[in-house]
Structure formats: structure tokens, C-alpha cells
Amino acid sequence: MQRFTLPRDLYYGEGSLEFLKQLKGKKAVIVVGGGSMKKFGFLDKAVAYLKEAGIETSLIENVEPDPSVETVLKGAEAMRAFEPDWIISMGGGSPIDAAKAMWVFYEYPETKFEDITKPFSLPELRQKAKFLAIPSTSGTATEVTAFSVITDYKTEIKYPLADFNITPDVAILDPSLAETMPDSLTAYTGMDALTHAIEAYVSTAASSFSDPLALEAIELVVKELPASYEKDKKARELMHYAQCMAGMAFSNALLGIVHSMAHKTGAVFHIPHGCANAIYLPYVIEFNKKVCLERYAKIASRLGLEGENSEALTESLCALIRDMDKSLNIPLTLKDYGISEEEFKNKVALISERALEDACTGSNPRPISKDEMIKLFECIYYGKKVEF
Ligand code: FE
């Protein structure tokens, strides 16, 4: 038996934040990050709309990027004191991910963090509150996924929490929130979304339900990301939807080793998640194509790329991704990103071993050994074609 889970409701379009006026409930806690939602006036609007709905609000502010276990436990404690029946999180991936984890400890205070890191083992949520997410970036799609990434700074390990219990109940995709994204964030989060969709499409857990969402998301990102990067309003709106569709696909179909590698190099090389994905993606396609050439060729055909056979079509797909990287000012190799050769050589064994153990490695279409992972990282560092 397999399962496909999505939020019950999506509200989308300009002004959809106003849905909050119709929310049914008594008390809502609002979880936000460093201040951009406040600065741009969206937090005040949300509070006012909820007031109109007769809902009392309380704020949990200043969730840091890559939220910590401590932030999560502190937030859960605040929730227990306030007793909300709605948890609303607004902003980038970090506050929404943190709020998802807070939700677990709000409902089950006796639980230990170690207990919830085992995938698909969470106790039944929604005993005390439901969850509503409002993303302000167009990439992580955490507003529709079963995932949350929390960092344990003592062990320097990022824990991906995975369970359909933390898939939000409602997501509001109001494009005006995403209009505030700075250029580099638009580029990185957009390429993250493209990676989600491509990895979901070739994943071992891909299905007839996730495939159409992944393909449509790929087409939309390829078409709209360049204009979104140039601040075109309509393109930003469509990117906001495209990344959400990619999220619906990968929340159910899972990801692959582009993400394993990005997760484990993020902290070591201080490289933003979406930027790492954008660099690694074409190399991983070259590696994976031995077992799923037809799938990549299908993506290329859908995009109308040139190529007389599956091999040539897949090469066109890699070339397209590299062209997108260039136009978004993303480097094509780890060397060009600015990692010194010495640092790379010192750390390649460690990051390869960690990437191998990442939760995303299991659903990659082609199994990979540690030696192959090291070789793959070497290709990415020096910009060599992957031929093994
Ligand atoms: Fe991602």
C-alpha cells in the first residue's frame, strides 16, 4: 500500500492572505523569522485579518535561519502556555519548518527530539491544533510537504523530520509575499524547486500521482524563473505556484542524491542550499542516466529540447540547466564557487560519507558507493564530465 498526502486546502492568488478573515477558530499562534514579514507589513495584515475572524493571536518571532532544537522547544513551551487551536507560520522555509516541529512538542510535550527523528514515526497530531503555512519564498515548498529540517548545533547535524502528520492543513500562496525576495534568493530557491521536481520525477518512489505535478513544475520553472529573476510580477506569481507543485511531488515521491550532497556540503562549505543543488544537478543527471535515461529524455521532450535520441535529449537537458545557472549568476563548479583545492581535498571523504548516509540517498534511482560519491564530487569540483 502506498500513500499520497497533500494539504486539504490551498488558497492562492493576489490577496489570498485575506482568507485569514474567514478562518474558524479561537486562538492562533503566528511563527515568523527575522523580521521581513513585519517590515513589509504582512504580519500586521495577518494579525488584523485574524482579529476580524474573532481569533486571538500570539507571536513567536525571530526564528533563526536553519532553526535549532532549542528554538523548537522554546516555541513549543510558548504554545503550551497560550494553547492555540491554529498554528500559523509565515515566511521562508526556516520559520515554517520550526513551527512544524514546535507543533509536535506542543501536542506531545513528553517526547524527546531523538524520538521524532525516525522517519514516519510521529504520534497522531491535530489533537490540539491545525497548521496553516504562508510561504514568502518560492522554493522549499514546506507549506505542502511532510518535511521539516531542524539543526542540532551541538552535534552540527541537520535532522530532516519526515512524516505526513506534519503536512500542513492549509497553505496560502499569496504572490505578493514572494515579491519581496532579493535576486540571489529568487535564483537559489527557484533552482531548488527545479531540483525537487527533477529528483521527484526520477525517484524510486515516483508514482502516477507525483509525475504530472513534477513535469508541470519543471516546465513552469524553466519558463518562468528567468523572468522572475528579472522581477517580472506575473513570472514571480507562477514561480510561487510551480515550486508548490514541485513540493507536492517530492513530498510524496521523495528526492535523490543532489539533495544528499547539498545537505552535507551546506554547513561544511557554507554554500546556500539552492545554489548547491543548482551546481550539482547536471552532474547527478550524468551519473543517474545509466539507469533512467528515458525519464530524463521525457523531461527534455516535454521542454521541447533538441536531440535525436534519449542520450542527446538528456545532454540537452544538462546543457539547459547549465545555461540557466549561468544566466542566474550561479557558478558551474565547486571550484568556481570559491572552495580552495586544499579545503576540497581535505573534506571530500567526509562529505561523501555523510552524503551517502543522507535520508535522500535511498530514493535516488541509481545506487552509489562511497568511492563513486568521491568521484562525483571531484567531477563537480573540477567541472569534469561524469563518465562512470
Ligand atoms: Fe531542496
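Taking loop as defined by DSSP and a crowding limit of 11 other beta carbons within 10 Å, which chymotrypsin sites (Phe, Trp or Tyr not before Pro) in segment 179-265 fit?
none
Could you work out the helix-only [θ] at 222 nm for the chain, with each DSSP H run of four or more residues adding -39,500 (n - 2.57) and the total divided by the number of residues, to the nearest 500 deg cm²/dmol?
My calculation for the chain gives -17500 deg cm²/dmol from helical runs alone.
Of Met1, Met90, which has the most accessible area and how do the rest follow, probe 1.4 Å?
The residues order as Met1, Met90, largest area first.
Mind putting together the pair-distance distribution for segment 9-178? All Cα pairs, 5 Å bins, whole percent per bin, short to long.
Cα pair-distance distribution for segment 9-178, in percent: 2, 9, 20, 24, 22, 13, 7, 2, 0.
Using the Cα centre as the reference, give the magnitude of the dipole from point charges on the C-beta atoms of the chain (Lys, Arg: +1; Asp, Glu: -1; all else neutral), rounded to the nearest 20 debye.
420
Mind checking which of Met191, Tyr280, His270 is farthest towards the positive end of segment 159-288's charge dipole, using Cβ charges of +1 (Lys, Arg) and -1 (Asp, Glu) about the Cα centre?
The Cα lying farthest towards the positive end belongs to His270.
Which of the aspartates and glutamates could be linked to Lys326 by a straight reach, that is with a Cα gap under 17 Å, when you skip same-chain ones fewer than 8 residues away?
Asp183, Asp192, Glu224, Glu230, Glu315, Asp336
I'd like the orientation of helix 273-302 relative to the chain: the angle between its Cα long axis and the longest Cα principal axis, in ° from 0 to 90, rounded to 10.
Once rounded, the angle reads 60 degrees.
Would you work out which of Thr145, Ser94, Phe82 lies farthest towards the positive end of the dipole of segment 82-157? Charges go on Cβ: Lys and Arg +1, Asp and Glu -1.
So the residue furthest toward the plus end is Thr145.
What is the ratio of the Cα radius of gyration of the chain to 2.2 N^0.38 Å, with N the residue count, to two decimals?
It is 0.96.
Heads up, I need the accessible area for Asp9: 1.4 angstrom probe, whole protein in place, Å², nearest 10.
Asp9 has an accessible surface of roughly 50 Å² with all protein chains in place.
As I understand it, the value is the acute angle between the Cα axis of helix 341-357 and the longest principal axis of the Cα atoms of the chain; what does it come to in degrees, rounded to 10?
Orientation of helix 341-357: about 60 degrees from the principal axis.
Counting only heavy atoms of protein chains, what accessible area per residue, in Å², does segment 183-382 have with a probe of 1.4 Å?
Normalised by residue count, the accessible surface of segment 183-382 is 38 Å².
Quick one: pull the percentage of alpha-carbon pairs in segment 192-305 with a separation above 16 Å.
Tail fraction, whole percent: 59.
Where a Cα-Cα gap under 19 Å defines reach, which lysines qualify for Lys128, not counting those fewer than 8 residues away within the same chain?
Of all the lysines, those that pass the test against Lys128 - Cα under 19 Å, at least 8 places apart if same chain - are Lys24, Lys26, Lys27, Lys74, Lys100, Lys112.
Taking the Cα centre of segment 9-178 as the origin, how large is its charge dipole in debye, to the nearest 20, when only Lys and Arg (+1) and Asp and Glu (-1) carry charge on their Cβ atoms?
Dipole magnitude for segment 9-178 comes out near 280 debye.
Lys345: which lysines have alpha carbons under 25 Å from its alpha carbon, excluding same-chain residues fewer than 8 sequence positions away?
Within reach: Lys158, Lys264, Lys335, Lys370, Lys375, Lys384, Lys385.
Can you tally the net charge around Glu237? Count Lys and Arg as +1, Asp and Glu as -1, for every other residue whose Cβ sits under 10 Å from the Cβ of Glu237.
-2
Can you list the equivalent-ellipsoid semi-axes of segment 243-388, largest first and in whole Å, using the square root of 5 times each Cα gyration tensor eigenvalue?
24, 17, 15
Charges only on Cβ, +1 for Lys and Arg, -1 for Asp and Glu: so what's the dipole of segment 256-341 about the Cα centre, in debye to the nearest 20?
Result for segment 256-341 is approximately 300 debye, rounded to the nearest 20.
Looking at segment 32-136, which chymotrypsin sites (Phe, Trp or Tyr not before Pro) are DSSP coil and have at most 15 other C-beta atoms within 10 Å of their C-beta?
In loop regions of segment 32-136 (DSSP not H, G, I, E or B), the sparsely surrounded chymotrypsin sites (Phe, Trp or Tyr not before Pro) are Phe40, Phe120.
Using amide H atoms built in the peptide plane, which far-off residues or other-chain residues are under 5 Å from Gly91 H to H?
Ile134, Ser136
Tilt of helix 310-327 relative to the longest C-alpha principal axis of the chain, in degrees (0 to 90, nearest 10)?
Approximately 60 degrees, to the nearest ten.
Leaving out ligands, DNA and RNA, and with a 1.4 Å probe, what % of the accessible surface on the chain is carbon or sulfur?
Answer for the chain: carbon and sulfur cover 51 percent of the accessible area.
Report the one residue of Phe42, Tyr106, Leu173 whose Cα lies farthest in the direction of the positive end of the charge dipole of the chain (charges on C-beta: Lys and Arg +1, Asp and Glu -1; origin at the Cα centre).
Tyr106
Counting other Cβ atoms within 10 Å, which GluC sites (Glu not before Pro) in segment 127-227 have at most 12 and lie in a DSSP loop?
Those that pass, being in a loop and sparsely packed, are Glu156.
The values are calculated or read from the model by the stated rules, or taken from the named source; none is laboratory data. Predicted model only: the values in this text are computed from it and were never measured. We place every Cβ from the backbone using ideal geometry, glycine too, and count neighbours over all the protein chains shown. Surface accessibility is based on the protein's heavy atoms, side chains included, excluding ligands, DNA and RNA. Shrake-Rupley method; radii C 1.70, N 1.55, O 1.52, S 1.80 Å.
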